[in-house]
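Comments concern the structure below.
Just so you know, all these numbers are worked out from the coordinates, no wet-lab data involved. What you are looking at is a predicted structure, and each value in this text was computed from that prediction instead of being measured. Glycine also receives a Cβ, built like all others from the backbone with ideal geometry; neighbour counts cover every protein chain displayed.
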Amino acid sequence: MMAAGCAAELGAKVLLLEKNKKLGEKLKITGGGRCNITNAEFDQRKLLAHYGRAEQFLYSAFSQFGVKDTFNFFEGKGLPLVVETNQRAFPQSQKALDVLQILENYLKKGKVEIKSGAEVKRIVGEKGTIKSVVVGSEEYESKSYILATGGKSHPETGSTGDGFAWLRTLGHKVEEPTPTLVPLKVKEIWVKKLAGTSLDKIKITFFTDSKKKLMLKGRILFTHLGLSGPLILNAAGKVADLMQEGSVTALIDLYPDDDLQVLDKKVTATFDANKNKALKNILKEIMPTGLDKIISDLLPAIDLTTKVHSVSKEERKLIVAKLKAIPLTIAGLMGFDKAVVADGGLSLGQVDTKTMRSKLYSNLYVTGDLLHISRPSGGYSLQLCWTTGFVAGTHAANYN
């Protein structure tokens, strides 16, 4: 949509072929439906450092359309943005549908022709030039072509890797995609009881064959199958690497700022203040909301109906130890269907850094998730879309 709108704004006649019945199916679900539109890091060097090996490749593109341009684009069209934790920028309305509306209006203003339900079956290339695209029994010819199909994350939105297949058929080198920003699966059944529960300011430590390998602090979210949230999503790639070394386990510390002795004193004080209550009725006093649901799974030997004054010293210390180390067994990573981002894509060596144009075909431009660029969650993926869409649309419109 960004590429088509930019090309049309420069006077090009644009046809947008949409596989789905409606535009923006993936955009609607970004940021949990709130749309994390960009990351408000205005220092370009700091921003691009988050794109790993693609950092140098992206300088030219981001100098043409960067984070400030994204703010100006959307706010200039009547969609104010707000910046939240970790510089994540969202529409003030907190609605991804409002972002989609802005883009649809942009296309309408540029008189972009949209054909929905138009699944491209083949791209015809000849002697370094794209000649046409085939949709069913129809064949469309144009001066220039932009691929903006997305990668393989969230296939239910239409991102099924079609663009990768076309690029390979045309002779490009395409790195195999892997789901990079994904939740983690765990073996413990009790996590289902915590689905939707989030824990703030915790510490999670990952071990490979009992050797400490990775420690993270922040917020995690429990799902029906395991763990999610930005902290987990951004570490998924590292956890995947650990799983190549051996079996991976994790320990969640609910009180990372307190050692065992300090925490034991706090729990003891809570017990002393609630001596005549049943243990199950004061658990919320010593652990985050929702965790009391699984205490019997974590400590099956302790009778939760026991009066607090009858809880033994040994039992209290078991509870304290568990608050500092809830064990989990990592079973693996979720697949493309749960991925926020999948890497892989067109090798950057085959793309002109200033125009997003293929080095193999003079009138073919490639954008967004089709490029082999890894990035964390936090608005970086959509910023990549706005930037590469603008650059591709601008240069495709001026193609001669």
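Picking from 80, 205, 304, whose Cα lies most toward the positive end of the charge dipole for the chain (charges on Cβ: Lys, Arg +1; Asp, Glu -1)?
About the Cα centre, the residue reaching furthest to the positive side is 304.
Rounded to the nearest 5, what % of the DSSP beta bridges within the chain are antiparallel ones?
Antiparallel bridges: around 85 percent, rounded to the nearest 5.
Students often check this: by mean Cβ neighbours within 10 Å, which of 353-360, 299-306 ranks highest, and how do the rest follow?
Ranking the peptides 353-360, 299-306 by packing returns 353-360, 299-306.
Can you give the FRET efficiency for residue 278 and residue 77, using 1/(1 + (r/R0)^6), R0 = 56 Å, r = Cβ-Cβ distance, to the nearest 0.05?
Step by step, r from the Cβ atoms, then E = 0.45.
If you filter region 1-76 for chymotrypsin sites (Phe, Trp or Tyr not before Pro), then keep DSSP loop positions with at most 14 other Cβ within 10 Å, what is left?
On the way: sites: 42, 51, 57, 59, 62, 65, 71, 73, 74; in loops: 42, 65.
Taking region 1-76 and a limit of 14 other Cβ atoms within 10 Å, the loop chymotrypsin sites (Phe, Trp or Tyr not before Pro) found are 42.
Which distance in nm do the two modelled labels at residue 139 and residue 45 give, with both placed 7 Å along the Cα-to-Cβ direction?
5.2
Taking the 0 to 90 degree range and rounding to the nearest ten, how far is the long axis of helix 230-245 tilted relative to the main principal axis of the chain, both from C-alpha atoms?
So the inclination is approximately 80 degrees.
Would you work out the charge dipole size for the chain about its Cα centre, treating the Cβ of every Lys and Arg as +1 and the Cβ of every Asp and Glu as -1, and quote it to the nearest 20 debye?
On the way: 56 positive and 42 negative charges, 77 e Å.
It works out to roughly 360 debye.
With +1 assigned to the C-beta of every Lys and Arg and -1 to the C-beta of every Asp and Glu, and no other charges, what is the dipole magnitude of region 183-334 about the Cα centre in debye, to the nearest 20?
Around 200 debye, computed over region 183-334.
Can you work out the FRET efficiency for the pair residue 115 and residue 86, with r the C-beta to C-beta distance and R0 = 41 Å, to the nearest 0.05?
Working: r = 39 Å, r/R0 = 0.95.
Here the calculated transfer efficiency is 0.60.
For region 225-281, with only Lys/Arg (+1) and Asp/Glu (-1) charged at the beta-carbon, what is the dipole magnitude about the Cα centre, in debye rounded to 20?
It works out to roughly 420 debye.
Let me have the 222 nm mean residue ellipticity of the chain computed from DSSP H runs of 4+ only, each contributing -39500 (n - 2.57), with the sum over all residues rounded to the nearest 500. Spell out each step's value before the answer.
Details: 13 runs with 127 residues, N = 400.
About -9000 deg cm²/dmol.
Relative contact order (percent) for region 183-334, with alpha-carbon contacts under 8 angstrom and 6 or more residues of separation?
32
Provide the FRET efficiency to the nearest 0.05 for the residue 321-residue 241 pair, computing r from the beta carbons and using R0 = 22 Å.
Once the sixth-power term is evaluated, E becomes 0.15.
Quick one: order 267, 308 by neighbouring beta-carbon count within 10 Å, fewest to most.
Lowest to highest Cβ neighbour count: 308, 267.
Please work out how much length the chain gains when fully extended from residue 93 to residue 169, using 0.36 nm per residue of separation minus the C-alpha to C-alpha distance, in nm with one decimal.
Working: separation 76, 0.36 × 76 = 27.36 nm, distance 4.25 nm.
The residue 93-residue 169 span can extend by a further 23.1 nm.
What whole-number value in cubic angstrom gives the convex hull volume per residue for the C-alpha atoms of the chain? Please report the intermediate quantities before stating the final value.
On the way: hull volume 60.8 nm³, N = 400.
About 152 Å³ per residue, rounded to a whole number.
What is the chain's relative contact order, in percent, from Cα pairs under 8 angstrom and six or more apart in sequence?
The value is 26 percent.
Mind checking the angle between helix 260-273 and the chain's longest principal axis? C-alpha axes, 0 to 90 degrees, to the nearest 10.
Approximately 60 degrees, to the nearest 10.
For the pair residue 266 and residue 129, how long in nm is the line joining their label points, each one 7 Å along Cα→Cβ?
Simple spin-label model gives 7.1 nm for this pair.
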